[in-house]
Amino acid sequence: MSSQVNVLDKSIPPGRIVFLLAWPAIVEQLLQTLVTYVDAAMVGSVGVDATAAVAVGTSFIWLLIGIMNGVGVGYSVMVGQSIGEGNLLKAKKIIRQSVLVMVISGTFLIIITELIIAPNLARWMGAEESIHQDVQNYISIIGWTMIFEVFIIVAGAIIRGSGDTRTPMIYNVVNNIANIVFNFIFIYPVREVSIGDVTFEVWGMGLGVSGAAVGTALASALSGTLMFLTLFLSKSNVRISLKDDYRFSKSINGEMVSLAVPVAFERVIHQSGQMMVTALATGLGNVALAAHQLANTAESMCFLPTFGFSVASMTLVAQSIGAGDKELAKTYAKLSIKYGVLIMLVTASLLFIFAPQLMGLLIKDSAVIGLGALVLRIQAFAEPCLAITNISSGIFKGTGDTKWPFYIAVIGMWVVRIIPAVILIKIFNVGLVGIWIPMGLDWLARASISLYRFKGDKWLKNAKEV
């Protein structure tokens with residue numbers, strides 16, 4: 001945490017501070033998405049069944065990650081507001097409490113994943129029998145490193161909340177490079193590679209889907225360890241030490257829970273909805289499931305800038321509220337939404353134009369490419385709404401209001417997306433577009449509610465310092 005930005009420095013233009021925090025988060029998301037692309041392309045080269053197996057497994061992994069994201073947001077907002085009010089001792093105490101929770105929750109997730117989820121997920125999701133073993137192997141291998149995923153999520157959120165978005169970006173570069181290298185080693189068998197007139201043998205384990213899981217797990221272990229150690233070894237003004245007091249604090253963790261529970265439920269609502277959607281796509285066959293999974297991967301290239309501005313806005317608003325400067329919080333919020341939507345308009349246009357090419361980078365099956373490109377072009381029209389939703393969510397959380405994003409997620413996912421999707425697929429048999437049209441309507445509904453909340457400064461009136 002040695003690259004902290006002083007967001008309260010009035011000598012720096014607010015727009016510049018927004019970008020100082022946003023650009024590393026955007027680059028981080030870009031790198032994560034690129035490695036997801038590479039990951040998907042590597043698995044896609046193995047076959048449609050392999051892609052479908054990873055799709056089923058990934059849906060659950062993201063559910064667990066979403067729950068821990070609530071914990072990360074809770075501690076991050078508390079640390080940000082403590083720094084804003086100049087109470088560094090309190091910020092350090094909060095970080096020490098997070099260390100206890102990370103270790104306990106990470107261990108718990110390993111046990112649950114290995115004993116309950118891995119043996120049963122494929123059956124619960126209604127996956128075809130041919131991919132059951134691959135799904136179990138994928139979940140089980142990644143499950144053993146869930147504690148490192150917790151470090152990445154929670155420690156990373158705290159580092160960003162302190163005003164340092166560069167360090168998590170650097171560690172994700174390490175994660176991505178390691179993931180690609182490990183994938184090459186573990187997914188493919190020993191093979192001959194030709195470059196010009198030169199042919200040479202490349203060593204590989206040939207583990208397929210299991211190899212992809214091994215690569216992801218090892219990379220997560222590496223970057224998670226680095227993220228965790230940063231809390232102790234950085235040059236930040238909120239660095240902690242093993243010699244400090246780590247006794248459990250009921251007041252700090254109680255406040256964290258009040259902030260984290262709505263965020264965790266928001267992610268559970270969203271990701272359980274995604275699992276429901278994946279189950280619907282699974283029922284359409286492996287081609288539709290592969291198209292759905294890879295289209296989601298391709299779409300993430302479009303909306304990734306919004307997460308950068310969402311991260312920035314949460315930190316900026318939290319520290320401004322902690323300093324008692326609501327006008328500064330308002331300025332940062334408006335600039336974050338403005339910049340995020342403008343960038344999204346550009347990326348959405350590119351998504352619509354190059355949808356077939358994006359799908360073609362991930363798989364060579366023409367049926368999957370055609371279906372994936374169709375649904376991507378449908379979704380392109382909803383991308384600006386997604387920007388408004390994600391950035392507004394970060395703004396609301398920065399004020400300590402984590403409940404409204406939860407309410408919005410419930411309405412959008414389960415009322416606007418899931419119910420119409422079930423009707424379109426089960427009754428009208430419209431296929432995969434029956435999932436993606438309601439998805440676009442979901443983001444439109446969420447953006448409309450978010451703007452209503454944002455209008456008239458309703459989001460600021462109940463801002464609380466934690």
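The values are calculated or read from the model by the stated rules, or taken from the named source; none is laboratory data. This is a predicted model, so every value here is computed, not measured. With ideal geometry, Cβ positions are generated from the backbone for all residues, glycine too; neighbour counts draw on all protein chains shown.
Of the residues screened, Gln133 is not one that is among the polar types (S, T, N, Q), crowded, with 21+ Cβ neighbours inside 10 Å and part of a helix (DSSP H, G or I).
Among residues of the stretch 106-130 being under 19 Å from Gln293 (Cα atoms) and part of a helix (DSSP H, G or I), the one that is nearest to the chain's Cα centre (by Cα) is Leu121. Taking the conditions exactly as written (part of a helix (DSSP H, G or I) and at pLDDT below 95), does Leu304 satisfy them or not? Answer is yes for this residue.
Filter the stretch 241-271 down to the residues that are surrounded by fewer than 19 Cβ atoms within 10 Å (Cβ to Cβ) and of a type in the set (Gly, Ala, Ser), then identify the one that is nearest to Thr402 (Cα to Cα). Among residues in the stretch 241-271 that are surrounded by fewer than 19 Cβ atoms within 10 Å (Cβ to Cβ) and of a type in the set (Gly, Ala, Ser), the one nearest to Thr402 (Cα to Cα) is Ser258. Please determine, by comparing only the residues of the stretch 189-218 that are at pLDDT 85 or above and among the hydroxyl-bearing types (Ser, Thr, Tyr), which one is surrounded by the most Cβ atoms within 10 Å (Cβ to Cβ). Result: Thr216. Can you confirm whether Ile159 is among the hydrophobic types (A, V, I, L, M, F, W, C) and surrounded by 17 or more Cβ atoms within 10 Å (Cβ to Cβ)? Judged against the criteria, Ile159 is a match. Of Leu460, Leu444, which residue is touching a Lys or Arg at 6+ places or on another chain (Cβ under 7 Å) and either under 27 Å from Leu316 (Cα atoms) or buried (at least 24 other Cβ atoms within 10 Å of the Cβ) (or both)? The conditions single out Leu460.
Residues that are over 15 Å from the mean Cα position of the chain (by Cα) and either surrounded by fewer than 22 Cβ atoms within 10 Å (Cβ to Cβ) or without any contact (Cβ under 8 Å) to a residue 24 or more places away in the chain (or both) within the stretch 287-300 comprise just one, Val287.
Among residues of the stretch 395-441 being outside any helix (DSSP H, G or I) and β-branched (Val, Ile, Thr), the one that is surrounded by the fewest Cβ atoms within 10 Å (Cβ to Cβ) is Val430. I'd like to check something: does the stretch 266-274 contain any residue that is touching a residue at least 12 places away in the same chain (Cβ under 8 Å) and in contact with a Pro (Cβ under 6 Å, 6 or more places away or on another chain)? So far as the stretch 266-274 goes, yes, one or more of its residues are touching a residue at least 12 places away in the same chain (Cβ under 8 Å) and in contact with a Pro (Cβ under 6 Å, 6 or more places away or on another chain).
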